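The values are calculated or read from the model by the stated rules, or taken from the named source; none is laboratory data. Just so it is clear, the model here is predicted, and its values are computed rather than measured. All Cβ positions, glycine included, derive from the backbone under ideal geometry; neighbour counts span all protein chains shown.
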Amino acid sequence: MNDSTHHHPEWVPEHAGTAQGFTTNVMPGIKSRHDGLPGVGATRAMVRPPSARRPELTVDAYVDGVLAGDRSILARAITLVESNADRHQDQAQEMLTRLVPYAGKTIRVGITGVPGAGKSSLIETLGLRLCERGHKLAVLAVDPSSSVTGGSILGDKTRMELLSRNRNAYIRPSPASGVLGGVARKSRETMIVCEAAGFDVIFVETVGVGQSEITVRSMVDIFMLLQIAGAGDELQGIKKGIMERCDLIAVNKADGDNKLRAEAARVDYQRILRYLQPSTEGWKTQALSCSAYTGEGIDALWAAVEAFRANTVASGVFEKRRQQQNLDWTHNLVLEQIKRTFYGNPNVRMNMPAIEQKIIGGQISPTQAASLLLRLSMLEELQTPLC
């Protein structure tokens, strides 16, 4: 072989003999669009045409694909639901209306906790156990959005590497997009789509939350709070808020040198729970310890979830809660539609900049500005600004 095609490395290992044994073979570059084989030139057939945009699906195609469990169409259906574009709203609502009869036959588990409590690790360990038992699991993971750029990393699938490759699991990360409560704006609609696709267990992983961000409680059957040892004393834990809304407390990272501290924390939380009103009628909130790393306590954790479901289904609380959640969802959608209609009103859009400047200049109070904008929204479309 011609020595001109070899480049000696700058460094050669000891006892390597001659440097010729450690060389790089440089081949001529490809001058045309072909696979580089000798004597093969580019042909018109080999030139790849520019990729075309995917054709938009009809509502029938969305519904049929979701019911058939087609993951590609499932992902597109969720994207359609999450879209804020006006042209997608009617199509998404029609699709959801047709999917609702196939949804609801699941257990919906909300999982929240402070950042660093190991929510994603716990979901992966528990999720793999459920998939081994024949369950189909959908994980709706909500990532925090930047208050500066509005962007989200959406890295939950990276953290749940093994679960994301399991054929019985589906992970859908979504941005919080500034919505309070630790959940995405369209999490309820996304649950319906996943349930219609045949998933019988739904996990909703919230962003790291505080004591008041508990919107997830209004959309799940059982609410699990993930804690770690040393997260606060008893006075901190007994504060009103998220503690009194959960149905299950799991103290994670109960392994290694931290096992005794985690067990002590579990005992403390169990003692705290005696002073709080149970979140669910007929159910006594439990505190358990577990380790997402070793898997210890994971089976007991799911056994508690199944016991909760059996208890609430037998008492009728399960169905009653689902019905109340649908009513709350309806009222929230009404408020959201009113807000969208108000800010989309031509009179409001036309006069808003001038009114905002008057507020900044102290010429009008915020209360007066709000009343004026509301009156403008109820007038016929104006040709010129009033302000």
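Could you look through the range 95-120, keep only residues that are more than 17 Å from Trp302 (Cβ to Cβ) and assigned to a loop (DSSP other than H, G, I, E, B), and pick out the one that is farthest from the chain's Cα centre (by Cα)?
Here the residue is Lys105.
Determine whether Pro49 is modelled with pLDDT of 80 or more, surrounded by fewer than 11 Cβ atoms within 10 Å (Cβ to Cβ) and not in a helix (DSSP H, G or I).
Working: modelled with pLDDT of 80 or more: no; surrounded by fewer than 11 Cβ atoms within 10 Å (Cβ to Cβ): yes; not in a helix (DSSP H, G or I): yes.
For Pro49, the condition - modelled with pLDDT of 80 or more, surrounded by fewer than 11 Cβ atoms within 10 Å (Cβ to Cβ) and not in a helix (DSSP H, G or I) - is not met.
Can you name the residue in the range 61-70 that is in contact with a helix residue (DSSP H, G or I) (Cβ under 9 Å, 6 or more places away or on another chain) and either in the same structural domain as Met191 (by TED's automatic domain parsing) or not aliphatic (A, V, I, L, M) (or both) and, of all such residues, is surrounded by the fewest Cβ atoms within 10 Å (Cβ to Cβ)?
Looking only at the range 61-70, we keep the residues that are in contact with a helix residue (DSSP H, G or I) (Cβ under 9 Å, 6 or more places away or on another chain), and these are 61-67, 70.
Next cut, either in the same structural domain as Met191 (by TED's automatic domain parsing) or not aliphatic (A, V, I, L, M) (or both) only: 62, 64-65, 70.
Values: Tyr62: 25, Asp64: 13, Gly65: 19, Asp70: 16.
Checking each candidate, the answer is Asp64.
Residue-by-condition table, conditions (1) over 22 Å from Gly118 (Cβ atoms); (2) among the aliphatic types (A, V, I, L, M); (3) in contact with a Phe, Trp or Tyr (Cβ under 9 Å, 6 or more places away or on another chain):
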{"residue": "Ala264", "(1), (2), (3)": "no, yes, no"}
{"residue": "Gly282", "(1), (2), (3)": "yes, no, no"}
{"residue": "Ser289", "(1), (2), (3)": "no, no, no"}
{"residue": "Ala292", "(1), (2), (3)": "no, yes, no"}
{"residue": "Glu296", "(1), (2), (3)": "no, no, no"}
{"residue": "Leu301", "(1), (2), (3)": "no, yes, no"}
{"residue": "Val305", "(1), (2), (3)": "no, yes, no"}
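For the range 213-263, which positions are modelled with pLDDT of 90 or more, in contact with a helix residue (DSSP H, G or I) (Cβ under 9 Å, 6 or more places away or on another chain) and basic (Lys, Arg)?
Matches in the range 213-263: Lys253 only.
Considering only residues that are surrounded by 15 or more Cβ atoms within 10 Å (Cβ to Cβ) and under 20 Å from the mean Cα position of the chain (by Cα), look in the range 79-88 and name the one that is modelled with the lowest pLDDT.
In the first step, residues of the range 79-88 are kept if they are surrounded by 15 or more Cβ atoms within 10 Å (Cβ to Cβ); the result is 80-82, 88.
With under 20 Å from the mean Cα position of the chain (by Cα) added as a condition, the list becomes 80-82.
Numbers: Leu80: 93, Val81: 90, Glu82: 85.
The residue in question is Glu82.
Of the residues that sit in the range 248-269 and are hydrophobic (A, V, I, L, M, F, W, C) and under 10 Å from Ala229 (Cα atoms), which one is surrounded by the fewest Cβ atoms within 10 Å (Cβ to Cβ)?
Quick first cut of the range 248-269, residues hydrophobic (A, V, I, L, M, F, W, C) only: 248-251, 254, 260, 262, 264-265, 267.
Those left that are additionally under 10 Å from Ala229 (Cα atoms): 251, 254, 260, 262, 264-265.
Working: Val251: 29, Ala254: 25, Leu260: 11, Ala262: 23, Ala264: 14, Ala265: 25.
Result: Leu260.
Residues that are modelled with pLDDT under 95: list the helices (runs of 4 or more DSSP H) wholly contained in the range 287-360 that include at least 1 such residues. Steps first, please.
Working: elements: 298-315, 317-344, 346-360.
Filter on the range 287-360 gives 317-344, 346-360.
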